[in-house]
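The values are calculated or read from the model by the stated rules, or taken from the named source; none is laboratory data. What you are looking at is a predicted structure, and each value in this text was computed from that prediction instead of being measured. Heads up, the Cβs are rebuilt from the backbone with ideal geometry, glycines too, and the neighbour counts pull from every protein chain shown.
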Amino acid sequence: MRKLALHWKIIIGMILGVFYGLLASKIGWVDFTNDWIKPWGKIFINLLKLIAVPLVFASLIKGVSSLSDISKLSRIGGKTIGIYLFTTVVAVTFGLLLVNIIQPGKSFSNDKRMELKEQYASNAASKIASAKDVKENGPLQFIVDMVPSNFIQATGNNRNMLQVIFFAILFGIAMVMLPSEKTSIVKGFFDGINDIILQIVDLIMLSAPYGVFALLGGLVVDFGGSVELFQALGIYSLSVAIGLLLMIMVVYPLILKSFTKLKYFDFFKSIAPAQMLAFSTSSSAATLPVTMERCEDHLGVSKEVSSFVLPLGATINMDGTSLYQAVAAVFIAQAFGYDLDLSQQLTIVLTSTLASIGAAAVPGAGMVMLVIVLSSIGIDPEGIALIFAVDRLLDMLRTVVNVTGDATVASVVAASEGQLKYVTDKELMS
Ligand code: ASP
């Protein structure tokens, strides 16, 4: 496997992992897999998560402080958030259109629905409990949550990434405001940390093919006995998958074509390892280091733009998640026999957009926030029990879109700032 490009090695790892998982569940190697295979996947994810906070912190400080003035920061910041919101709303709209056309919820038999509901009620209960906390908060709670009261606590949990981002931006702004002789040592320090962490990413990625093998093998073994569930929820999953595919095959190419000179194929080739990692880890945060490395070194996005746009995007821009939430909410409503009117569908656009911004970039977060979307249109949040079985698979797919969306916006912002270096094919392949 030595001469193969990294993304091929990862693909082979993924395929072998799925085959292994199928075989292992067939011949009953469940304990062996849990004891000896799964931990390697966990170690791989831990390694990626380990560097997420230092990377976001160092790269944002580097990114913000290298913007020569505050007006540049607000220009790039405004552009970034504007495009992020736009792509999210497009994604929700696509999701709504699809689910209204395909109507997956109407294909459910009553018996199956009850069976699923019972089977997954306990799992769903914990998600509902965590979402209840979110729901009971006031409308400004998300801003309150963004401002940490203690720096160490903020960095102590990957879920607090927005707090780390907030502090890093504040730190960077203060650096820009001070004369450069006062800040040059600190700037050099963070530049160095940034480079070291990107080097660590390269090292970790050497183990990616084995990591994804263990992750996928373990996942397939977990779902070993529930093939029938996958079938029953097939149409729903297909609706989400079609929507996600449309984002990747239509929306992003159109955006890139309109605002950059990048060829979509080249774009795809450059970020493929990040997409595969997103698929295997179901976490934009865990994938972030690789997304940044691919965008900078293979796509030609300047460090200035990528180190600002991508960490922010991993946390607030989740096109795949918002699309999924729209489809899932209407699907559950259909399954329960409700017909949603226009205002309820518009409420879904708004709440899915906000819920995807609020969702943490970790596995399953989109599902927690789905409870809020369901409550906003008056549907019993217990309904998420219906879709629990297939959520992990859809989580993997939507995370790929989340990450692709971030890379697309980073390219667009870089191009608009004259900071997208078009790299040659040869460099792309490396
Ligand atoms: N797993 C997703 C992400 O990290 C979030 C979600 O939709 O659950 O991007």
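So the values come out like this:
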| read-out | value |
| --- | --- |
| Complete set of residues in region 286-318 that are surrounded by 24 or more Cβ atoms within 10 Å (Cβ to Cβ) and among the small types (Gly, Ala, Ser) | Ala286, Ser306, Ser307, Gly313, Ala314 |
| Residue tally, condition modelled with pLDDT under 90 and of a type in the set (Phe, Trp, Tyr), over region 20-49 | 1 |
| Evaluation of Ile377 against (1) modelled with pLDDT of 80 or more; (2) farther than 20 Å from Ser284 by Cβ; (3) buried (at least 21 other Cβ atoms within 10 Å of the Cβ) (one fails), failing number | (3) |
| Helices (runs of 4 or more DSSP H) fully within region 279-383 counting 1 or more residues that are within 14 Å of the ligand (Cβ to nearest atom) and farther than 19 Å from Val92 by Cβ | 284-294, 303-316 |
| Any hit, region 62-71, residues being closer than 30 Å to Val186 by Cβ, among the charged types (D, E, K, R) and buried (at least 17 other Cβ atoms within 10 Å of the Cβ) | yes |
| Which listed residue is among the polar types (S, T, N, Q) and surrounded by 15 or more Cβ atoms within 10 Å (Cβ to Cβ), from Ser74, Ser25 | Ser25 |
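Residue-wise test of (1) within 30 Å of Leu178 (Cβ to Cβ); (2) at pLDDT below 90.
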position	(1), (2)
Ser66	yes, yes
Gly82	yes, no
Leu97	no, no
Asn100	no, no
Pro104	no, yes
Arg113	no, yes
Leu116	no, yes
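Conditions (1) aromatic (Phe, Trp, Tyr); (2) more than 26 Å from Gly313 (Cα to Cα), marked per residue:
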| site | (1), (2) |
| --- | --- |
| Val18 | no, yes |
| Trp36 | yes, yes |
| Ser74 | no, no |
| Ala91 | no, no |
